[in-house]
Amino acid sequence: MKSIGLKKKSEATREALLAAGTRLFAERGFDGASVDAIARGAKVNKAMISYHFRGKDGLYRAILAETFEPTLKRIEGLKADSRPAPERLKTFVSLFAEMVDHRPGLPAMILREVLSGGHHLDERTIPYFLAVLAAVQQIVKGGIRERSFRRVDPILTHISLIGGLVFFFATQPLRERFAREGRLPVRLPASAAYVAHFQNLMSRALQADEPLKTVRKRR
């Protein structure tokens, strides 16, 4: 029983570090998030960062790995999905939103990483981003082949898709602050409402043009 209790405590400590690390990396970037600040945020001794992750670099990689890997496995399943491309794209958007819901600070963390030129990505973490790109390309190209999507550039579509999702979730803290201060003239959009809106928006934007119908004149 004692060993079970210690294991649960260790798992709780690890999860607290992952959560605090995500939040501080999102707020301050990799260089600005100190080991001391992360430990304070997790309410643990800073030695636990080395114990569980072998340092701040390891914590950063673990956040990406433990967030991306489960989602990428589910996204991988879309390759064998026989549904039309618009439906598979909607599922992709839902899966991405679920991933973000698990680690709310991830979008801002990703934005900071992208703006730094991917300075803190390595051979272990770069494949996560490439896998997302490959998944979107596969869906878009499939949609073009089956003529449910019009002819669009898959790379530009990927940038538009991920950009629209990441920006919404990354800017949520700012919207919440403006709402608290009474600066927003409208109600805050719920995440689920935005996801549904974005799914519909992308489906309509990519929808194949209907062929022109010729009308024969009666003689």
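Rule-based calculations on the coordinates, nothing more; no lab input. Worth saying up front: this structure is predicted, and the values here are computed from it rather than measured. Note that each Cβ is placed from the backbone with ideal geometry, even for glycine, and that neighbours are counted across all protein chains shown.
Please compute the net charge surrounding M48, taking Lys and Arg as +1 and Asp and Glu as -1 over other residues with Cβ under 13 Å from its Cβ. Walk me through the numbers on the way to the answer.
Working: positive: K9, R14, R40, K43, K46, R54, K56; negative: E11, E15, D36.
Result for the local shell: +4.
Report the FRET efficiency, 1/(1 + (r/R0)^6), for N200 and V35, where r is their Cβ-Cβ distance and R0 is 45 Å, rounded to 0.05. Mind dumping the intermediate values first?
Numbers: r = 44 Å, r/R0 = 0.98.
With R0 = 45 Å, the Cβ-Cβ based efficiency is 0.55.
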Apply the membrane-span-like helix rule to the chain: whole DSSP H runs, Cα extent along the own long axis of at least 18 Å, mean Kyte-Doolittle hydropathy at least 0.0. List the helices found. 85-102, 126-145, 154-170, 191-206
About its Cα centre, how strong a charge dipole does region 88-158 have in debye, to the nearest 20, once Lys and Arg get +1 and Asp and Glu get -1 at the Cβ? 440
Mind checking which of H102, G142, A26 is farthest towards the positive end of the chain's charge dipole, using Cβ charges of +1 (Lys, Arg) and -1 (Asp, Glu) about the Cα centre? G142
Taking amide H positions as placed 1.01 Å from N in the peptide plane, with prolines and chain starts having none, which residues 5 or more places from Q207, or on another chain, fall under 5 Å of its amide H? R150
If the only charges are +1 at each Lys and Arg Cβ and -1 at each Asp and Glu Cβ, what is the size of the charge dipole of region 1-121 around the Cα centre, to the nearest 20 debye? 460
Volume per residue of the C-alpha convex hull in region 16-97, rounded to whole Å³: 96
May I ask for the distance between the Cα centers of region 24-40 and region 164-198, given as a whole number of Å? 24
Looking at the square roots a ≥ b ≥ c of the eigenvalues of the Cα gyration tensor of region 62-206, which shape do they give, rounded for a/c under 1.5, prolate if a/b is larger than b/c, or oblate? oblate
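Per the helix-only calculation at 222 nm, which mean residue ellipticity applies to the chain, given -39500 (n - 2.57) for every DSSP H run of n ≥ 4 and division by its residues, nearest 500 deg cm²/dmol?
-23500 deg cm²/dmol
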Note the full-extension length gain between H119 and S94 as 0.36 nm times their separation in residues minus their Cα-Cα distance, in nm to one decimal. 6.1 nm
